[in-house]
Amino acid sequence: MSLDNFFHPDLKESDVRVLLSSSEAHHARKVLRKRDGDEVCVFNGMGVKAQGHLHFHGSANSGVEIHSSMTAIKPGYQVK
């Protein structure tokens, strides 16, 4: 089973936890029906991707406790 992905524009490979935006938190809890402790992926759109466990804080906030991350290698060419 694949993990659900969540966007966090400021994610760095060295992060150990991140807070999701309120819209991402809402999507996780209300739309995808994620539960506290579910494993998810977080990415920044620039090559950094991390896996971790989702933790809810109140009704509108959630964070991800990261246990592994990586940076994708950028190709040496650009598609136009």
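The values are calculated or read from the model by the stated rules, or taken from the named source; none is laboratory data. Only a predicted model underlies this, so the values are computations on that prediction, with no experimental measurement involved. Counting neighbours? That spans all protein chains shown, and the Cβs are built from the backbone with ideal geometry, glycine included. The protein model used for the area step is the full one, side chains on, heavy atoms only, and it has no ligands, DNA or RNA in it. Shrake-Rupley method; radii C 1.70, N 1.55, O 1.52, S 1.80 Å.
A few comments on the model shown:
- Condition check for ASP36: open to solvent by 80 Å² or more (accessible area, probe 1.4 Å), at pLDDT 90 or above, of a type in the set (Asp, Glu) and part of a loop (DSSP other than H, G, I, E, B): yes
- Within segment 53-67, the residues that satisfy the criterion of being farther than 10 Å from PHE6 by Cβ and either under 13 Å from the mean Cα position of the chain (by Cα) or open to solvent by 60 Å² or more (accessible area, probe 1.4 Å) (or both) are HIS53, HIS55, HIS57, SER59, ASN61, GLY63, GLU65, ILE66, HIS67.
- Restricted to segment 1-27, and to residues there that are surrounded by 17 or more Cβ atoms within 10 Å (Cβ to Cβ) and under 14 Å from GLU65 (Cβ atoms), the residue that is modelled with the lowest pLDDT is LEU20.
- Summed over segment 52-62, the residues that are at pLDDT 90 or above and in contact with a Leu (Cβ under 9 Å, 6 or more places away or on another chain) give a count of 1.
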